[in-house]
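Read the figures in this text as sums done on the coordinates, not as results from a lab. Small disclaimer: the values here were computed from a predicted structure and weren't measured. Positions of Cβ are backbone-derived with ideal geometry, glycine not excepted, and every protein chain shown enters the neighbour counts.
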Amino acid sequence: MSSEWINEALRLGIHETWVKDIFDEFKDYWVNEARGKEALRANWFRVWSNRCRSQLSWTTKNPHPTNQKTLTSSELIPVAINESDSEVKVIREKILEILGAATYQSWFQNAVILKQTDRVTIETNRSLFRDTIERQYRAKIEEHIGIAVQVCLKTGAGA
């Protein structure tokens with residue numbers, strides 16, 4: 001697997017711990033199962049990119065624990081210096097519980113979560129992450145934690 005393919009998967013939002021697994025499944029299918037015209041492709045990079053998008057979409061829509069790689073809560077929720085607050089840890093655990101490990105790893109693991117009196121703020125370093133969390137997950141998180149959620153970019157962050 002080339003660094004170009006790895007970077008494409010990461011750019012699309014696949015968490016780094018999942019890239020090899022997705023590639024192995026991709027390779028197994030195209031080497032062992034695809035037949036005839038289906039196995040003839042002109043642009044393999046584009047096929048890979050589409051596979052990553054499909055995997056991310058499927059994992060997002062199917063957050064059941066049986067669809068996820070098993071990692072311990074402490075592996076998924078490292079304690080950052082600015083998140084020593086036990087309330088933030090509970091919020092992270094709730095996000096993990098309702099959205100599943102793959103979604104948590106892809107979109108929330110590297111985000112900064114801040115708990116204020118009247119809301120929770122989720123800060124990301126990429127606009128793609130901010131926009132995806134806002135569109136696909138914010139309302140569900142609010143529903144489960146019972147407080148308003150604000151999603152924003154970290155100061156100085158961009159694309």
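Residues Arg11, Arg130, ranked from the fewest to the most other C-beta atoms within 10 Å, line up as Arg11, Arg130.
Estimated from the Cβ-Cβ distance and a Förster radius of 30 angstrom, the FRET efficiency linking Leu40 and Ile98 is about 0.10. Of the peptides 45-56, 88-99, the order by per-residue mean of other Cβ atoms within 10 Å, starting with the highest, comes out as 88-99, 45-56. Using a Förster distance of 30 Å, how high is the FRET efficiency between Ser86 and His144, based on the Cβ-Cβ distance and rounded to 0.05? That gives a FRET efficiency of 0.95.
If R0 is taken as 22 Å, the Cβ-Cβ distance between Trp30 and Glu4 corresponds to a FRET efficiency of 0.80.
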